[in-house]
Amino acid sequence: MNRASARGVAFVLVLWVIALVSILLGSFALIARTENLQARHLFNTISARYAAQAGIDRAVFELRNPDLLTRWVADGRPYEFAFDDATVTVELTDESGKIDINHADPVMLTSLFQSIGFDESRAEALADAVVDWRDPDDLASPHGAESAEYRAAGLPYRPKNAPFDTVMEIQQVLGMDYDAYKRLEPAITIFASSNRPNPGFAPLEVLRTLPGMSDELAQQILTQRQATPPGQPAAINLPDGTPVVASGGGLTYSIRSHARLPGGASATLDATIRLGGANLAGRPYTILRWRDGENS
């Protein structure tokens, strides 16, 4: 091989080496950029979650505010505030405004199931099945279901014959499915300890179940109620003339806190809490239910 040929081969090898090094450097740069983006996304997600947690704590603080004119009202109205770079939106609902599935009678339960689209026959059957699940006997209600009906349906379990321990437990009642449960969830509770919801705190899904109520009227009542300043009487009546007053609630609340950062990362927390007292060793609240929503 003469000198010119050797130089040509060397030149080609140098080009290959340069190309290889360029590819390696490009790969390293891409990996570094990807890891940086992943780290940034993780940081933003964690920041959003802690901002949402701050929303829960802020809600508890505001619920304990002794000034009725500035205390947050737990009737579902949104409250928004800034927390560092995040915008936090908090919605509170007093559990007394929901339908307690351990105390509601068949008429109330039937109205509830009809409000989510069930026909009268299915609504009555499901209402009686709920009662049969929680009552202590094994005698089926007129449209209900006890052990024999569950066995005939091929289910591997029987009615509990005791009160519901969680809201999710209602999914086990004969005739209930997940889609129906998701529509029911905002309206039901096990913490109200009353057979009638308090309309002063009731969410839209509950207002729709009240006698003489239409969807339009329920939405109108909700809008007017949430527009009433804290501590002020609302000139709102139900179809039967009962005034809607945001008072007489309990100590148990559902709180939904959503935090969003400027870059779009967000986090949502859903919690049911009970305000603290002497029996809780001075803690401001105790958590009864906690669920992390989707982050983005």
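Data table
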{"read-out": "With DNA, RNA and ligands ignored, accessible area of His143 (1.4 Å probe; Å², nearest 10)", "value": "100 Å²"}
{"read-out": "GNM result for the chain, Cα springs below 10 Å: residue of Lys182, Lys160, Lys98 fluctuating most strongly", "value": "Lys182"}
{"read-out": "GNM flexibility winner over the chain from Val206, Val14, Val88 (Cα, springs under 10 Å)", "value": "Val14"}
{"read-out": "Neighbour net charge for Arg196 - beta-carbon separation under 13 angstrom, K R +1, D E -1", "value": "-2"}
{"read-out": "For the chain, with +1 on Lys and Arg beta carbons and -1 on Asp and Glu, the positive-most of Gly263, Val21, Ser111 along the dipole", "value": "Val21"}
{"read-out": "Helical contribution to [θ] at 222 nm, DSSP H n ≥ 4, -39,500 (n - 2.57), averaged over the chain, rounded to 500", "value": "-13000 deg cm²/dmol"}
{"read-out": "Of the DSSP H helices in the chain, those whose Cα atoms cover at least 30 Å axially and whose Kyte score averages -1.0 or more", "value": "3-63"}
{"read-out": "Ile46 accessible area, 1.4 Å probe, all protein chains in place, Å² to nearest 10", "value": "80 Å²"}
{"read-out": "Antiparallel DSSP beta bridges within the chain, as percent of all bridges there, nearest 5", "value": "95 percent"}
{"read-out": "Computed accessible area, Leu288, all protein chains, 1.4 angstrom probe, square angstrom", "value": "60 Å²"}
{"read-out": "Choice from Ala152, Ala54, Ala140 with maximal GNM fluctuation in the chain (Cα, 10 Å cutoff)", "value": "Ala152"}
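The values are calculated or read from the model by the stated rules, or taken from the named source; none is laboratory data. No experiment lies behind these values; they were computed from the predicted model shown. Don't worry about glycine lacking a Cβ; one is built from the backbone with ideal geometry, like all the others, and counts go over all protein chains shown. Note: accessible area is taken over every heavy atom of the protein model, side chains too, but ligands, DNA and RNA are not part of it. Shrake-Rupley method; radii C 1.70, N 1.55, O 1.52, S 1.80 Å.
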